[in-house]
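Accompanying notes for the structure given below.
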Amino acid sequence: MNPLPALTETREGVGPIQSQPGWLGASSPKNLLILQLARLGDLVQTWPLLTRLRQAYPGARLTLLTDHRLLPLQAAGPKVEEVLGFDFLRLGALTARDWPGAYRLVAELLKDLQARDFDLMFNLNFSRLSLLLTHLLGVQAKGYLPAAGGREFSREPWLAWIYSLVHARQFNRFHLTDVFRHLAPEPAWAPPGPRLAAIPRREPVIALQLATRHQRRTWPLAHFTRLAEHLVSRLGARVLLLGTASERGLGEKLRAALAPALREGVVNLQGATGLAELAGQLQQAHLLVSGDTGTLHLAAALGVPTAALFLGPALCFETGPYGSGHYVLQAEPPCHPCTEAASPCPPEGPICLEMLPPQTVARFIAVWLETGTAPGNLPLPSGSRIYRSGQDDFGVRYQYLGEEPPRFVDLVGRAYRRAGAWLAAPSPKPPPPNPYEEGDKCPSGDLPRLEVLLAVLNRGAQVPPELPQVTEALRPLLAFQDEMQRQGQQELFFGVKEVFTAQLENCLSVSR
């Protein structure tokens with residue numbers, strides 16, 4: 001039985017969304033704690049939230065808790081009154097061999113935080129440590145919330161909606177930065193984002209980030225080598241290789257593969273820069289080419305134009321370069337997006353690694369340098385796409401630059417985005433259409449899927465077995481329904497279902 005039509009109520013009477021009753025109250029919070037305990041890229045993607053909090057609560061004191069190794073980086077980010085660092089590597093080591101020592105380390109951190117008397121905190125991490133701190137501090141909280149005495153996680157509706165999309169990531173159209181940013185109330189006005197620097201046509205400085213955190217996300221070194229050769233020999237570029245000391249061998253292999261006359265144009269800075277120096281080097285570059293890395297997010301935050309190469313688990317809609325005017329070359333084989341560990345690849349290796357040929361990337365950059373804009377009609381292998389980042393009222397979006405009409409996955413993804421924007425709004429109501437979505441027309445080959453999906457939503461029809469993509473499209477909505485039933489907030493499910501359905505009906509009406 002399909003449970004969706006069994007709930008026939010509408011969203012009438014849905015009130016403002018609050019994670020905990022009265023968390024904003026009559027008076028604004030004065031002392032805020034933001035927990036961001038993850039990697040470099042996650043910290044950078046927290047910066048728009050910090051900016052939004054500053055605008056929403058101009059008189060409040062903001063304190064950021066992060067990994068102590070990232071402390072030098074925050075100098076390049078939004079101003080906060082205090083940045084606290086914690087040694088998570090030490091805690092991990094103590095947990096493995098000295099439980100009393102680990103307990104004392106956490107107890108000291110907790111005592112320090114309690115003494116600061118916070119009245120609102122934001123927990124941005126799905127981790128046991130952040131859950132424990134949120135529970136023990138006992139202040140009003142946003143984000144990932146403790147339940148069952150701090151032993152379990154609870155997600156407020158906005159994060160529950162985002163988490164439901166894990167069940168079918170191909171339909172996710174929410175950037176992690178906007179997920180964080182919409183935890184805070186919308187300020188009366190928002191400052192403009194960083195402007196992209198101009199790219200000179202002659203003697204450009206182009207930075208390459210060779211490694212990512214996982215092989216499936218990493219463009220092959222041989223491809224980077226051919227790209228560097230093209231940049232130096234044909235475009236007269238100076239190439240900077242960025243990365244950690246452990247990655248320095250990659251840079252040396254790249255330089256060794258180049259003709260001696262070209263090596264002088266390639267400088268290996270891997271392991272030679274701290275975080276503050278990395279920010280400085282990026283600000284000297286005119287363009288960064290990178291996979292889904294912290295370096296990519298830092299460059300985008302600093303206003304450096306980026307060309308992102310997204311493979312395997314990397315999905316530009318989730319973690320692409322944030323802001324307007326960046327480009328993403330995205331490999332989208334049938335198995336996309338996969339996971340780093342669980343998804344099987346063919347014996348010969350991940351097929352997506354060869355879906356972004358180096359000669360195409362080189363041509364892409366050459367046209368960008370020559371014309372100031374990148375072409376969308378480059379000859380890419382089937383399944384690869386080029387996107388350009390932009391902004392709408394909700395946050396960042398990625399526009400496909402090719403000529404192919406929107407696919408079923410695109411239309412459903414936009415419907416999820418529209419329903420999520422309704423959910424995140426302080427006064428829930430369907431937002432007005434965005435210009436870039438007006439006139440979406442479903443291709444004739446995908447029209448049966450759209451019709452069946454709407455029949456399921458409106459009348460409880462069953463999904464035919466020959467249309468598994470429709471079943472996949474329903475998984476996030478069903479997961480959100482289950483969570484809202486558990487929380488006793490079914491009216492929020494009714495609301496997002498109505499907005500989701502209305503968006504799809506609009507697509508169907510223009511397709512007939």
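The values are calculated or read from the model by the stated rules, or taken from the named source; none is laboratory data. This structure is a prediction, so every number in the text was calculated from the model and none was measured. Here the Cβ positions follow ideal geometry from the backbone for every residue, glycine too, while neighbour counts run over all protein chains shown.
Within the set Gly420, Gly390, the sole residue that is exposed (fewer than 15 other Cβ atoms within 10 Å of the Cβ) and at pLDDT 90 or above turns out to be Gly390.
Look at (1) buried (at least 21 other Cβ atoms within 10 Å of the Cβ); (2) part of a loop (DSSP other than H, G, I, E, B); (3) out of contact with any Lys or Arg (no Cβ under 6 Å at 6 or more places or on another chain); (4) hydrophobic (A, V, I, L, M, F, W, C) and you find that Leu196 fails only one, number (1). Of the numbered criteria (1) at pLDDT 95 or above; (2) closer than 29 Å to Ile351 by Cα, the one Leu262 fails is (2). Does Gly413 fit the bill of being more than 24 Å from Phe153 (Cα to Cα), outside any loop (DSSP other than H, G, I, E, B) and at pLDDT 95 or above? Answer is yes for this residue. Number of residues in the range 132-153 that are of a type outside the set (A, V, I, L, M) and assigned to a helix (DSSP H, G or I) equals 2.
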